[in-house]
Amino acid sequence: MGIEQLDINGNSFIGVFCRANERILLYPPGLTDTSVKKMVTALDVEPVRMTVGGSTLLGSLLALNSKGAVVSNFIEVEEASCLDGINIVKAPVKLNACGNNILCNDRAALVNPGYTKKFVQTMSDGLDVEVVRGSIAGIKTVGSASVAVNKGILVHPKATEEELSMMRDLFKVNVQIGTANYGSPMVGACMIANTKGAVVGSLSTGIELGRMEDALGFLD
């Protein structure tokens with residue numbers, strides 16, 4: 001259990017390109033075998049290569065937990081077949097950058113307040129968790145501003161005490177503020193993680209890595 005530092009084709013925003021749960025790593029074409037192997041080892045998962053609507057920005061376009069995936073509505077049938085055994089929920093056109101707009105683990109989900117009540121229920125059914133609309137540090141793209149695993153959550157450093165308390169009540173895990181990639185507050189865009197490990201951009205400092213380990217429960 002630990003944190004691997006990595007860049008993807010020179011880009012340190014790992015969470016924009018990849019997504020993982022407890023079982024699988026979703027990654028786009030074009031990654032080196034070495035990069036994929038490092039992520040697989042850190043997360044202890046099976047690698048699955050795919051795109052969403054031909055795009056390599058999987059992390060931005062897809063939210064994932066162990067039961068389901070909420071994905072942009074332009075995903076193709078062949079692409080969706082990569083998510084074998086996972087409930088697939090297609091997002092409405094307006095807010096289809098699902099990875100940016102949805103923060104979820106196997107306990108709960110916090111989502112962009114722009115999603116309708118009806119679609120919130122659809123997401124709840126697909127992910128098999130309680131889903132609540134809200135923001136982090138006043139930011140509606142909660143998936144970019146935070147990263148959640150089943151043991152803890154790392155959040156944008158300007159999250160308010162009210163937001164942190166709401167998240168602790170919702171997810172029932174430790175919630176701490178932090179940054180990644182040498183000061184970026186959008187930690188969800190900088191990394192991917194599960195309960196077994198994490199992968200974050202190479203610009204992240206030792207202090208940031210220590211905060212990640214503590215927040216995500218890697219020091220238990």
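Within segment 170-185, residues that are of a type outside the set (Asp, Glu) have Cβ atoms under 9 Å from residues that are surrounded by fewer than 19 Cβ atoms within 10 Å (Cβ to Cβ) and at pLDDT below 95 in these pairs: Val173/Gly217; Asn174/Gly217, counting only partners at least 6 apart in sequence or on another chain. Candidates are the residues of segment 70-102 that are of a type in the set (Val, Ile, Thr) and surrounded by fewer than 16 Cβ atoms within 10 Å (Cβ to Cβ); the one that is farthest from Val16 (Cα to Cα) is Val77. Taking the numbered list (1) touching a residue at least 24 places away in the same chain (Cβ under 8 Å); (2) touching a Lys or Arg at 6+ places or on another chain (Cβ under 7 Å); (3) surrounded by fewer than 19 Cβ atoms within 10 Å (Cβ to Cβ) in turn, Ser202 passes all entries but (2). With respect to (1) of a type in the set (Gly, Ala, Ser); (2) farther than 18 Å from Ile14 by Cα; (3) touching a residue at least 40 places away in the same chain (Cβ under 8 Å), the lone exception for Gly53 is condition (3). Taken together, the criteria place Arg49 among residues that are closer than 30 Å to Thr122 by Cα, of a type outside the set (A, V, I, L, M), surrounded by fewer than 18 Cβ atoms within 10 Å (Cβ to Cβ) and in contact with a strand residue (DSSP E or B) (Cβ under 8 Å, 6 or more places away or on another chain). Filtered by the rule that a residue be surrounded by fewer than 19 Cβ atoms within 10 Å (Cβ to Cβ) and either touching a Pro at 6+ places or on another chain (Cβ under 9 Å) or in contact (Cβ under 8 Å) with a residue 40 or more places away in the chain (or both), segment 18-39 gives Glu22, Arg23, Val36, Lys37, Lys38. Within the set of pairs 6+ apart or on separate chains, which have a first residue in segment 56-82 that is touching a residue at least 24 places away in the same chain (Cβ under 8 Å), a second that is crowded, with 24+ Cβ neighbours inside 10 Å and charged (D, E, K, R), and C-beta atoms under 8 Å apart? Pairs that qualify, where the first residue is touching a residue at least 24 places away in the same chain (Cβ under 8 Å) and the partner is crowded, with 24+ Cβ neighbours inside 10 Å and charged (D, E, K, R), are Leu58/Arg19; Gly59/Arg19; Leu62/Arg19; Ala63/Arg19; Leu64/Arg19. Screening Leu110, Leu95, Leu103, Leu127 for residues that are touching a strand residue (DSSP E or B) at 6+ places or on another chain (Cβ under 7 Å), in contact (Cβ under 8 Å) with a residue 12 or more places away in the chain and over 28 Å from Thr41 (Cα atoms) leaves exactly one candidate, Leu110.
Residues to consider are Gly54, Gly15; find the one that is surrounded by fewer than 24 Cβ atoms within 10 Å (Cβ to Cβ) and either on the phi > 0 side of the Ramachandran plot or not aromatic (Phe, Trp, Tyr) (or both). Gly54 is the lone residue from the list that is surrounded by fewer than 24 Cβ atoms within 10 Å (Cβ to Cβ) and either on the phi > 0 side of the Ramachandran plot or not aromatic (Phe, Trp, Tyr) (or both). Here Gly210 meets the list (1) touching a residue at least 12 places away in the same chain (Cβ under 8 Å); (2) at negative phi; (3) among the small types (Gly, Ala, Ser) almost entirely, failing just condition (1).
The values are calculated or read from the model by the stated rules, or taken from the named source; none is laboratory data. Remember, predicted model here, so these are calculated numbers, not experimental data. Note: ideal-geometry Cβ built from the backbone for every residue, glycine included; neighbour counts use all protein chains shown.
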